[in-house]
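Report on the following structure.
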Amino acid sequence: MTEMTKENKNVKNFPNLRFPGFEGEWESKRLGEIATFSKGKGISKNEIVDNGETECIRYGELYTFYEEVISEIKSKTNTDISSLVLSETNDVIIPASGETQIDIATASCVIKSGIALGGDLNIIKTKNNGIFLSYYLNSKKKLEIAKLSQGISVVHLYSSQLASLNLKFPQLEEQEKLSSFLSLLNFRIQTQKKIIEKLESLINGWREKLFSKKSRFKDEKGNHFSDWKFSKLGEVLTIQGGFAFKSILFNKGTTKVLRIGDISRNINLEEFTGVFTLEIPDKKYMVNKGDFLMALSGATFGKVGKISCNGEAYINQRVATFRTNQCLEFFYQLVQTENFVSYINSIPTASAQPNISNNDIAKYESMIPCLEEQNKIANFLSSIQEKIDTEKQILEKLELQKKFLLANLFV
């Protein structure tokens, strides 16, 4: 941010951060004064085909696929082009309906012309910079747009409501400077995400090769290690389920409780922000640095994570921790294989939510190598995982930078 200078934060019509060389107040205008509005035309899911001739955008994709700038198009259709509504360069689109108020406040600028725009999309056309407007609506104006929307089970956003938005615009040259800068940052973020995706594909590929014995390590003399032997996980792992803490006592004590929603790749007990309780259960429910955990039910079903630092914490019911006198990292990788995930997903459940028991995990049979080969596999896969973790940290810093800039580059 060396190119930017801080402005007086008490002046309403200036952002907190501004590129040098730009002066004067930003001009207040309603969106309806500087834009026209229209709607897209419905494109059903059945009309989406891989070999379609016309690229298209459906409103649901704004929530799941696109961000502030749309350059690469996900979907295609062969629907008669004369019946479609096609984009013009610089169009800004925002959903006309959605499930929640905050979700519907999602704007994207389409920088390609001739893209079919689906139904339930508000189309905003303006002579201002569409990328600037998209970032603006998604940051400073997001909550305001959310409050404008109406509905309960389905939320609607009408062009008349968008037209009433009060905005502040700099001169076009400053808009273009801001949009170019934010687009470069966003491109860097997308590149970082692709780096992580490739690394995750790499580790998944190697995990399947190694655990299926399609690829094997050799000992120091260049010979294969001894044959793998079938074992049930319960024979090589100690699987400990969690304690049934009383939820009415949560946040009334100092004992840290790890629930299924707290399981992530690295669980830092020193930075733990979950729940605390008065109860202090048996030490067998305590987790230690290096332990790995698994969620046995709920939205995070099957998710695994590791304790990354020392500290006292206990596992709640529906969480399991694993220990072994062999290589724990090897088994941590094993329970992330496609075979194991398929196994736990195939276990029938009486409830609407998927769930498994410690006994279900203990019954899983797998081929297990000798300890030396376990260590080789574990070290190799963990080295890739460490690279993934490093790249994720870089991504997190970039996204924090973007969040800060969006909060300070607009009025």
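A compact table of results
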quantity: Ala313 long-range amide H proximity, modeled H, under 5 Å; calculated: Val287
quantity: The chain: relative contact order in percent, alpha carbon pairs under 8 Å with at least 6 residues between; calculated: 16 percent
quantity: Where Ser97, Ser201 fall by accessible area, highest first, once all protein chains stay in place (1.4 Å); calculated: Ser201, Ser97
quantity: Relative contact order %, the stretch 43-103, counting alpha carbon pairs below 8 Å whose residues are six or more apart; calculated: 40 percent
quantity: Of Thr324, Ala350, Met286, farthest towards positive along the dipole that unit charges on Lys, Arg, Asp, Glu beta carbons give the stretch 283-387; calculated: Met286
quantity: Surface accessible to a 1.4 Å probe, Asp291 within the full protein complex, Å²; calculated: 10 Å²
quantity: Candidates Ser139, Ser183, Ser383, ranked by Gaussian network fluctuation over the chain, Cα under 10 Å, top entry; calculated: Ser383
quantity: Per-residue ³J(HN,Hα) for the stretch 31-41, Karplus 6.51 cos²θ - 1.76 cosθ + 1.60, θ = phi - 60°, Hz, x for Gly and Pro; calculated: 4, x, 7, 10, 8, 10, 10, 8, 10, x, 10
quantity: Most fluctuating residue given options Lys218, Lys306, Lys198, as computed from a GNM of the chain linking Cα atoms under 10 Å; calculated: Lys218
quantity: In order through the stretch 217-229: 3J(HN,Hα) via Karplus (6.51 cos²θ - 1.76 cosθ + 1.60), integer Hz, x for Gly, Pro; calculated: 7, 10, 7, 5, 8, x, 9, 5, 6, 4, 4, 6, 10
quantity: Farthest toward positive dipole pole in the chain [+1 Lys/Arg, -1 Asp/Glu at C-beta], among Met367, Thr79, Leu199; calculated: Met367
quantity: Cβ-placed point charges (K, R +1; D, E -1), dipole of the chain about Cα centre in debye, nearest 20; calculated: 640 debye
quantity: Charge sum, other residues only, whose C-beta stays under 9 Å from Leu296's C-beta, Lys/Arg counted +1 and Asp/Glu -1; calculated: 0
quantity: Accessible area (Å², 1.4 Å probe, nearest 10) - Lys392; calculated: 90 Å²
quantity: Residue of Gln401, Gln353, Gln317 that the Gaussian network model of the chain assigns the largest fluctuation, springs spanning Cα pairs under 10 Å; calculated: Gln353
quantity: Above-threshold pairs, the threshold being 23 Å between Cα atoms, out of Lys246/Lys283; Lys283/Lys376; Lys168/Lys397; calculated: Lys283/Lys376; Lys168/Lys397
quantity: Cleavage-rule hits (chymotrypsin sites (Phe, Trp or Tyr not before Pro)) in the stretch 239-338: DSSP loop, at most 10 neighbouring Cβ within 10 angstrom; calculated: none
quantity: Kirkwood Rh in Å, taken over the stretch 46-126 so that all alpha-carbon pairs contribute; calculated: 12.7 Å
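The values are calculated or read from the model by the stated rules, or taken from the named source; none is laboratory data. Source: prediction; values computed, not measured. FYI the Cβ positions are ideal-geometry reconstructions off the backbone, even for glycines, and counts take in every protein chain you see. The accessibility values were calculated without ligands, DNA or RNA, using every heavy atom of the protein model including side chains. Shrake-Rupley method; radii C 1.70, N 1.55, O 1.52, S 1.80 Å.
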